[in-house]
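One structure is given below, encoded as structure tokens.
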Amino acid sequence: MLNEEAAAPDPEVEAKPKRRRFTADYKARILREAEGCNKPGEIGALLRREGLYASHLITWRRQREKEGMAGLSRKRGRKADPESGLAKKNAQLEAANRRLTEKLRKAEIIIEFQKKMAELWSTPNRPGDEEND
């Protein structure tokens, strides 16, 4: 019996709470209900019933005023910047270009050196330059 009690997790506490996500339809419905509240305390009762905060209503109203119904379905977080992907790719290509340009410069130096050495080895010795063995 002790093992059953120790093994059973507490149903009141979640291991990691999840962020709630509200659909645009839900937000619009709650805003309509809040606008229909005329008596004192009705909005508070609505918020308690739905498990919301007054800040939700304020934020949703601002979104609706600014962008209409599309504002209520707006995604959170940063907007994707299409230029950032291009800038990153451009920086990578420029770095590769610098690296390859330096590699080409070194290869040209080596080729010039090899040409000079081939000339020196291929020229016949003059009669006065021979060593006596």
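The values are calculated or read from the model by the stated rules, or taken from the named source; none is laboratory data. The structure displayed is predicted, hence computed values, not measured ones. Here Cβ is always computed from backbone atoms with ideal geometry, including for glycine, and neighbour counts include all displayed protein chains.
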>> When the residues of region 54-90 are narrowed to those that are of a type in the set (Gly, Ala, Ser) and under 17 Å from the mean Cα position of the chain (by Cα), which ends up nearest to GLU42 (Cα to Cα)?
In response: GLY77
>> Out of the residues in region 3-47 meeting the condition of being exposed (fewer than 13 other Cβ atoms within 10 Å of the Cβ) and β-branched (Val, Ile, Thr), tell me which one is modelled with the lowest pLDDT.
In response: VAL13
>> Condition first: among the aliphatic types (A, V, I, L, M), part of a helix (DSSP H, G or I) and at pLDDT below 80. Now tell me which residues in region 66-101 satisfy that.
In response: MET69, ALA70, LEU72
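In region 14-38, what residues are among the β-branched types (Val, Ile, Thr) and over 22 Å from LYS75 (Cα atoms)? Can you show your working first?
Taking region 14-38 first, the residues among the β-branched types (Val, Ile, Thr) are 23, 30.
The answer is none; no residue qualifies.
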>> Suppose we keep only residues that are hydrophobic (A, V, I, L, M, F, W, C) and not in a loop (DSSP other than H, G, I, E, B) within region 32-48. Which one would you say is nearest to ARG64 (Cα to Cα)?
In response: ALA34
>> Among the numbered criteria (1) at pLDDT 90 or above; (2) in a helix (DSSP H, G or I), which one does LEU52 miss?
In response: (2)
